[in-house]
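Before any comments, here is the structure.
The values are calculated or read from the model by the stated rules, or taken from the named source; none is laboratory data. None of the values given here were measured: they were computed from a predicted structure. Counting neighbours? That spans all protein chains shown, and the Cβs are built from the backbone with ideal geometry, glycine included.
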Amino acid sequence: MEHPENSSEYEGLMVNSGVDHQEIVNPYLSKIRKRRTKIYTPEEYLDGILRGDVAMLSQAVTLVESTLREHQKIAQKVIELCLPYSGNSVRIGISGVPGAGKSTSIDMFGLKVLEQYGGKLAVLAIDPSSEKTKGSILGDKTRMEQLAVHPKSFIRPSPTAGSLGGVARKTRETIILCEAAGYDKIFVETVGVGQSETACHSMVDFFLLIQLAGTGDELQGIKRGIMEIADGIVINKADGNNVEKAELAASHFRNALHLFPKPASGIIPEVLCYSGFYNLNVDKVVKMIFDYIDKVKESGYFQYRRNEQSKYWMYESINEQLRNDFYYNPTIKEMLPEMEKMVLGGQMTSFMAANGLINKYFDELRKSQE
């Protein structure tokens with residue numbers, strides 16, 4: 001295109017024609033072939049896991065977390081093969097409100113555990129997913145700077161994907177894989193939003209609750225639900241000017257614990273103050289955890305709790321299997337949109353629609369058995 005500014009009457013002024021419009025996307029990108037992870041047989045996964053191959057363990061965990069049915073079949077077989085090699089670890093659940101310093105504390109706790117007790121440590125961090133985009137940052141590993149590069153540690157962040165129950169089951173299955181790979185200490189970090197704590201408690205031997213002081217929220221922390229399942233309570237960020245506030249909060253928690261019935265373990269939870277960032281009193285927290293483990297092993301409560309958890313997960317697995325089978329049923333999948341319209345249009349109540357769908361599901365089951 002000719003620019004009028006380039007004519008003789010505008011001598012001294014020059015306008016270049018510019019460059020052609022460039023594509024935003026790299027033209028070579030489409031030529032790059034996507035790498036596909038090879039799916040091995042369950043026996044190959046077992047062999048790799050027993051060897052301590054981190055890559056094979058990670059792939060097996062990915063299969064456990066996958067929603068594809070073909071992946072789930074392989075994953076369940078791998079879990080079945082790994083089961084005889086599991087159950088030999090100490091499982092520790094760690095929870096607390098967002099911002100309480102869980103990831104930083106785990107970094108310090110993990111290093112102290114490996115230093116004092118040896119062995120191998122696996123950290124399973126559950127990260128909340130966005131309700132809108134369904135995505136997760138999965139950035140907890142970045143806060144565990146020292147553990148992330150430690151040769152004896154394995155850190156695996158997992159998204160909730162909107163289902164705490166599903167994640168809890170998958171986390172429990174991941175624990176089995178990690179134990180088979182030789183990890184004798186397992187940390188499970190929860191989302192810290194309420195329901196996840198109960199799920200976490202049902203798969204660990206010690207449940208540690210991390211609290212903060214000076215937030216004006218001491219009464220919130222003394223609520224029964226979360227306090228009753230805690231085996232130990234720690235006040236983080238007890239450093240600098242915050243030490244007195246932390247000690248005051250600790251005394252509030254100790255007073256509250258005396259109002260509750262004695263735990264089934266017979267051990268009243270300890271309340272300690274520490275600083276994960278400055279590595280203050282971390283050794284006391286680790287000692288509290290392993291002293292508790294020694295006591296419950298001696299009393300027999302350790303094995304009793306494991307048995308109760310196995311029974312709990314049997315019923316949870318039944319519930320999940322029935323729910324999945326119901327929703328994957330072709331007739332139900334076809335009927336659901338129609339029933340939704342009727343409920344939204346006021347032609348049918350929610351309970352009537354649910355009963356209709358369930359009755360149809362059981363009718364089909366009966367016909368298939370005849």
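Return yes when residue 251 is free of Cβ contacts under 8 Å to residues at least 24 places away in the same chain and small (Gly, Ala, Ser) and no when it is not.
So residue 251 fits the description; yes.
Got a number for residues in the range 81-103 being modelled with pLDDT under 90 and β-branched (Val, Ile, Thr)?
1
For the range 311-370, give me each residue that is in a helix (DSSP H, G or I), more than 30 Å from residue 201 (Cα to Cα) and among the β-branched types (Val, Ile, Thr).
If the condition is that a residue be in a helix (DSSP H, G or I), more than 30 Å from residue 201 (Cα to Cα) and among the β-branched types (Val, Ile, Thr), then 331, 332, 343, 358 are the ones that fit.
Residue 174 - would you say it is modelled with pLDDT under 85 and in contact with a helix residue (DSSP H, G or I) (Cβ under 6 Å, 6 or more places away or on another chain)?
no
Among the residues of the range 23-67, write down those that are modelled with pLDDT under 90, within 14 Å of residue 174 (Cα to Cα) and among the polar types (S, T, N, Q).
66
Confirm whether residue 253 is closer than 27 Å to residue 172 by Cα, crowded, with 18+ Cβ neighbours inside 10 Å, over 22 Å from the mean Cα position of the chain (by Cα) and not β-branched (Val, Ile, Thr).
no
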